[in-house]
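The values are calculated or read from the model by the stated rules, or taken from the named source; none is laboratory data. All of these numbers come straight from a predicted model, not from anything done at the bench. Please note: Cβ atoms are built from the backbone with ideal geometry, for glycine as well, and neighbour counts cover all protein chains shown. Just so you know, the surface numbers come from the protein's heavy atoms only, side chains and all, with ligands and any DNA or RNA stripped out. Shrake-Rupley method; radii C 1.70, N 1.55, O 1.52, S 1.80 Å.
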Amino acid sequence: MKFLSACFAVVFLLASPARAAGAAVDDNFPNGVKRVPLRTHSLRAPYLDDSLHSRWYDYGGDTVIRTDKYVRLTADRPSQTGQLYSRLPLTAANFEVIVDFKISGKGNLYGDGMAIWVTKERNVGGTVFGAPDFFNGLGILIDTYKNNRPGVTFPYIMAVMGDGQTRYSKEDDGKPNELAGCSARGLHNSQSLTRLRITYVTGQFLEVDLEFKEPNKWTECFRVNNPPQLPPVAYLGFTAETGELSENHDIVSIDVNTLFITGGSGPASSPAAADSGSASSASTPPMIQQGRKKKGSWFGFIFKSVLKLLLVGGAGYIGYKRWLIYAKTRKESQQVLF
């Protein structure tokens, strides 16, 4: 009976809506969203397997991995660059990337910064926060050193979209390339980890949120409606750079989710409409349609799996108890005979 009670407890926990995969709902999806973890693009300690390689990520440059703490893209030393790129492309039309990281260093002057990329290029060093210039795709830049941006407080976080032909204006801190941005004063040498969340829904919005001032409290950095289309094949990357000034750029964890919108959350452009330059459309992207058709499929899968486990476990438990009774009876009969 104890075994059966434990099994029913497992069923209750897994079937609970609060624990079901993708059950979380936030302001961006008033009608609900299902988050499905993308293992191929997520990364946590110890970061490396037994052969000292990462199954899903390649790293290069000055990157150093301490398996119990972090992936350090650059140390607090001048003239370093580091890269960390997914081996597989991020093909989801709607996704969420949550990164826990820390930027720290000695002294009052520090630089240059780090970046998160969803670009056609991968695992190539360069002059834009350790990544190549003339990139094709999305960059979320965390710039910690001010070159020439009057009236802007640094560190500064901004989104840039490259077309593969436009140069990044580093001397102006990317102002001509900027889609949107926000100041993040206090991010450098923060006592706790900084958490950054990127939410991208094709044809609808791109949003970046931060958690670094107060634990478990997200603050919106910026939101871009009708963002440019990402390349059909794009890789998730993380890079950092130091110049004459330096700082540590440490990544602690990466969590990536595919988003399935389970209810109507406004118009969204289809891939065809996006290619033709249309900002929005009344049609729904294929992934959102798929999410609606399969609503509840994950819950059903978990419930059926646990039910099978209960049946098999219950049958095994009953068989074991009967075998004990049989063995005891046989032993007693043998004692009587002899």
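Can you name the residue in region 106-116 that is in contact with a Ser or Thr (Cβ under 7 Å, 6 or more places away or on another chain) and under 18 Å from residue 168 (Cα atoms) and is also most open to solvent (accessible area, probe 1.4 Å) among such residues?
Taking region 106-116 first, the residues in contact with a Ser or Thr (Cβ under 7 Å, 6 or more places away or on another chain) are 110-115.
Now narrow it down to the ones that are under 18 Å from residue 168 (Cα atoms): 111-115.
Details: 111: 0, 112: 32, 113: 0, 114: 1, 115: 0 Å².
Restricting to residues being in contact with a Ser or Thr (Cβ under 7 Å, 6 or more places away or on another chain) and under 18 Å from residue 168 (Cα atoms), the top hit is 112.
So how many residues does region 76-107 have that are in a loop (DSSP other than H, G, I, E, B) and under 30 Å from residue 216 (Cβ atoms)? Qualifying residue count for the region: 6.
Restricting attention to region 173-191 and to residues that are assigned to a loop (DSSP other than H, G, I, E, B) and open to solvent by 30 Å² or more (accessible area, probe 1.4 Å), the residue that is farthest from residue 114 (Cα to Cα) turns out to be 191. In the set (1) under 17 Å from the mean Cα position of the chain (by Cα); (2) under 22 Å from residue 129 (Cα atoms), the condition left unmet by residue 259 is number (2). Can you tell me which residues in region 47-62 are among the aliphatic types (A, V, I, L, M) and open to solvent by less than 40 Å² (accessible area, probe 1.4 Å)? Result: 48, single match.
For residue 159, the test of being surrounded by 19 or more Cβ atoms within 10 Å (Cβ to Cβ), over 25 Å from residue 27 (Cβ atoms) and modelled with pLDDT of 95 or more is failed. Please tell me if residue 170 is at pLDDT 95 or above, open to solvent by 50 Å² or more (accessible area, probe 1.4 Å) and either touching a helix residue (DSSP H, G or I) at 6+ places or on another chain (Cβ under 6 Å) or at negative phi (or both). When the stated conditions are applied, residue 170 does not pass them. When residue 149 is tested against (1) within 21 Å of residue 202 (Cα to Cα); (2) among the basic types (Lys, Arg); (3) open to solvent by less than 40 Å² (accessible area, probe 1.4 Å), exactly one condition is not met: (1).
Confirm whether residue 125 is touching a Pro at 6+ places or on another chain (Cβ under 9 Å), within 27 Å of residue 257 (Cα to Cα) and not in a loop (DSSP other than H, G, I, E, B). I'd like the intermediate steps shown before the answer.
Details: touching a Pro at 6+ places or on another chain (Cβ under 9 Å): yes; within 27 Å of residue 257 (Cα to Cα): yes; not in a loop (DSSP other than H, G, I, E, B): no.
Taking the combined requirement at face value, the residue does not satisfy it.
Taken over region 93-105, residues that are more than 14 Å from residue 42 (Cα to Cα) and open to solvent by 10 Å² or more (accessible area, probe 1.4 Å) amount to 4.
Restricting to region 63-84, count the residues that are without any contact (Cβ under 8 Å) to a residue 60 or more places away in the chain and open to solvent by 60 Å² or more (accessible area, probe 1.4 Å). Number of matching residues: 4. Collect the residues in region 120-136 that are surrounded by fewer than 23 Cβ atoms within 10 Å (Cβ to Cβ) and closer than 23 Å to residue 96 by Cα, keeping them in residue-number order. 120, 121, 122, 123, 136, listed by residue number.
Counting the residues of region 43-58 that are part of a loop (DSSP other than H, G, I, E, B), under 14 Å from residue 86 (Cα atoms) and free of Cβ contacts under 8 Å to residues at least 60 places away in the same chain gives 6.
If you go through region 124-154 and keep only what is closer than 27 Å to residue 234 by Cα and in contact with a Leu (Cβ under 9 Å, 6 or more places away or on another chain), you end up with 128, 129, 130, 137, 138, 140, 142, 144.
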